[in-house]
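Structure record follows, encoded as structure tokens.
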Amino acid sequence: MSERMFSFLSRNHKKTGDTYNPLGGECQHKCQYCYVKTLKKMFPGVREKYSGIPRIKDKWLNEIKQFTKDDYVFVCDMTDLFGYWVPTQLIQTILDAVRKSPAKFLLLTKYPQRYLDLISLGVHIPQNCIAGCTIESDIDHLITVPAKNRLQAMADLSSMGYPVMLSIEPIMKFDLARFPLWIAKIKPEFVAVGYDNYNNGLPEPELKTTLHLIELLEKSGIKVYRKTLREKNDVQDCEKEEEAKTGLT
Ligand code: SF4
């Protein structure tokens, strides 16, 4: 999903921020910067859970019982609950469990059209959730869901009265004349902005451009959570680092 983690999540159950992961199976977005891919290589348990078809186990689903009204929990930080490949019945089962919980939940997807599709089927987003979308830029750099489609779906969802947020992470080069206007149109409760933490060689904006974006958002009354903010990596430098790591130079 997005770079880990958000400072506003509670840490009552995990040092890194509370998470709830009832859904297994392979994430089909296959983002270039996916950290789950790395974790799967390191940990057999992660590889087993996040491979294959989407599925729920009672044990995973019941982990929701640990959360109380004092918790703010990230749902599915290792895949995309709202991915186009996830059966509606599984999403509905998880949202029903979330709805019954006293905790507050962050949902996050790269395919926000699914929120709208679910609503049109009568599967509503529970009131104890904020509906989030990861949108690294208003320009299409990497993944298969076009940025404009994500922005439009979030604007539509917001106009229906659902509380929404945006995760602009890992941030990539964007159009400063256009991106803030889109974000203002979406009227998010907050946004989180941060650079790639793992040297993935992404096309990054200049730091001053990102700071200008943050300033524009804050001036328009949008709360911004600052995550990793740094000077951009030169892509060629990243490539050289990778080559050095793999012994190609
Ligand atoms: S959406 Fe998240 S889990 Fe899926 S490929 Fe992208 S970074 Fe990985």
Next item on the list: Confirm whether residue 98 is in contact (Cβ under 8 Å) with a residue 24 or more places away in the chain and either touching a strand residue (DSSP E or B) at 6+ places or on another chain (Cβ under 9 Å) or away from the ligand (no atom under 11 Å from the Cβ) (or both).
Entry: yes
Next item on the list: Mind counting the residues in segment 34-47 that are within 14 Å of the ligand (Cβ to nearest atom) and either in contact (Cβ under 8 Å) with a residue 40 or more places away in the chain or not in a loop (DSSP other than H, G, I, E, B) (or both)?
Entry: 9
Item checked: Test result for residue 218, at pLDDT 95 or above, touching a strand residue (DSSP E or B) at 6+ places or on another chain (Cβ under 8 Å) and farther than 21 Å from residue 108 by Cα -> yes
Notebook entry, point to check: Got a number for residues in segment 136-161 being modelled with pLDDT under 95 and either more than 16 Å from the ligand (Cβ to nearest atom) or crowded, with 20+ Cβ neighbours inside 10 Å (or both)?
Noted result: 1
Next item on the list: Kindly list the number of the only condition in (1) away from the ligand (no atom under 13 Å from the Cβ); (2) touching a strand residue (DSSP E or B) at 6+ places or on another chain (Cβ under 6 Å) that fails for residue 61.
Entry: (2)
Check: Quick one: is residue 22 more than 13 Å from the ligand (Cβ to nearest atom), at pLDDT 95 or above and closer than 20 Å to residue 123 by Cβ?
Finding: yes
Margin query: Please go through (1) out of contact with any strand residue (DSSP E or B) (no Cβ under 8 Å at 6 or more places or on another chain); (2) assigned to a helix (DSSP H, G or I) for residue 31 and return the number of the only condition it doesn't satisfy.
Written below: (2)
Check: Taking into account only those residues within segment 48-58 that are outside any helix (DSSP H, G or I) and away from the ligand (no atom under 16 Å from the Cβ), which is surrounded by the most Cβ atoms within 10 Å (Cβ to Cβ)?
Finding: 56
Notebook entry, point to check: Does any residue in segment 5-28 that is assigned to a loop (DSSP other than H, G, I, E, B) come within less than 6 Å, Cβ to Cβ, of a residue that is among the hydroxyl-bearing types (Ser, Thr, Tyr) and exposed (fewer than 15 other Cβ atoms within 10 Å of the Cβ) six or more places away or on a different chain, and which pairs are these?
Noted result: 5/16; 26/51
Check: If you scan segment 101-117, which residues turn out to be out of contact with any strand residue (DSSP E or B) (no Cβ under 7 Å at 6 or more places or on another chain) and in contact (Cβ under 8 Å) with a residue 24 or more places away in the chain?
Finding: 101, 102, 111, 113, 114, 116
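The values are calculated or read from the model by the stated rules, or taken from the named source; none is laboratory data. Treat the numbers as computed from the prediction; the structure is a model and nothing was measured. We place every Cβ from the backbone using ideal geometry, glycine too, and count neighbours over all the protein chains shown.
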